[in-house]
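The structure under discussion appears below in the form of structure tokens.
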Amino acid sequence: MPSYLTAWPSRDLIRAGHQQITKEWWQTRRSRFDNFISQLVLAEVGAGDVEAARERLTALQGIPILDANEAVTDLADALTVSLALPQKAVTDAVHIAISAVHGMHFLLTWNCTHIANAEMSGAIEAACKERGFSCPVICTPEELMGV
């Protein structure tokens, strides 16, 4: 999500829409929630073009960081297996696990391939519940815009 927040406007219509919704959510809705990130988010936004990474990291300054602990690792491993995630998507399971283990109410993402994916939500919820965690509501910024 931070990449959509700070990126140059895309010529791709869907990406441009995501960028606009992200900026609108950040400006009008973010203050209504307790926001948290993880070290994994910081690593992801810190990668790539140096100037773009600096902008993304600046946007996230001051947001508390959730730690990855043994419970996160265990749940991420279980999610990786139950969702049959490819190796390149293991970090997606970690994002979910960090949110669940730390009791987050929402996990906000534009990753609709492995995270905000209705076909996977049942397996995600089951894996969390089997390990004693409540699954956060996983949604896009558009779904959390309010009424």
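Once the piece of chain linking residue 59 and residue 28 is laid out straight, how much longer is it, given 0.36 nm per residue of separation minus the C-alpha distance between them? Numbers along the way, then the final one.
Details: separation 31, 0.36 × 31 = 11.16 nm, distance 1.49 nm.
Length difference between fully extended and current span is 9.7 nm.
What residues from the stretch 1-16 fall in the zone where the backbone N is under 18 Å from a label point 7 Å along the Cα-to-C-beta line of residue 106?
Flagged as within label range: 1-6.
So how much accessible area does residue 130 have, in Å² to the nearest 10, using a 1.4 Å probe?
The accessible area of residue 130 comes to roughly 140 Å².
Averaged across orientations, what area in nm² does the convex hull of the alpha carbons in the chain project?
If you wrap the Cα atoms of the chain in a convex hull and average its projections, you get 9.0 nm².
Return one quarter of the surface area of the convex hull spanned by the alpha-carbon atoms of the stretch 1-78, equal to its mean projected area, in nm².
Values: hull surface 26.0 nm².
Averaged projected area of the stretch 1-78's Cα convex hull equals 6.5 nm².
Find the centroid of the Cα atoms in the stretch 131-146 and in the stretch 21-88, then give the distance between the two in whole Å.
With the stretch 131-146 and the stretch 21-88 each reduced to a Cα centre, they are spaced 14 Å.
Run the numbers on the chain and let me know its relative contact order in percent, using alpha-carbon pairs under 8 Å that are six or more apart.
23 percent
What FRET efficiency would be calculated for the residue pair residue 87, residue 20, taking the C-beta separation as r and a Förster radius of 41 Å, to the nearest 0.05?
So, using R0 = 41 Å, E works out to roughly 0.80.
Can you pull the accessible area of residue 82 for me, 1.4 Å probe, Å² to the nearest 10?
The accessible area of residue 82 comes to roughly 60 Å².
I want to make sure I understand the PRE zone here: with the label point 7 angstrom from the Cα of residue 12 toward its beta carbon, which residues in the stretch 125-147 have backbone N atoms less than 17 Å away?
So the set is 141.
Are there trypsin sites (Lys or Arg not before Pro) in the stretch 29-120 that DSSP puts in a loop and that have at most 14 other Cβ atoms within 10 Å, and which ones?
Numbers: sites: 29, 30, 32, 54, 56, 88; in loops: 29.
When the trypsin sites (Lys or Arg not before Pro) of the stretch 29-120 are filtered for loop state and at most 14 Cβ neighbours within 10 Å, 29 remain.
The values are calculated or read from the model by the stated rules, or taken from the named source; none is laboratory data. Everything quoted here is computed from the prediction, not taken from an experiment. Cβ: placed from backbone, ideal geometry, glycine included. Neighbour counts: every protein chain shown. Accessible surface areas use protein heavy atoms only, side chains included; no ligands, DNA or RNA. Shrake-Rupley method; radii C 1.70, N 1.55, O 1.52, S 1.80 Å.
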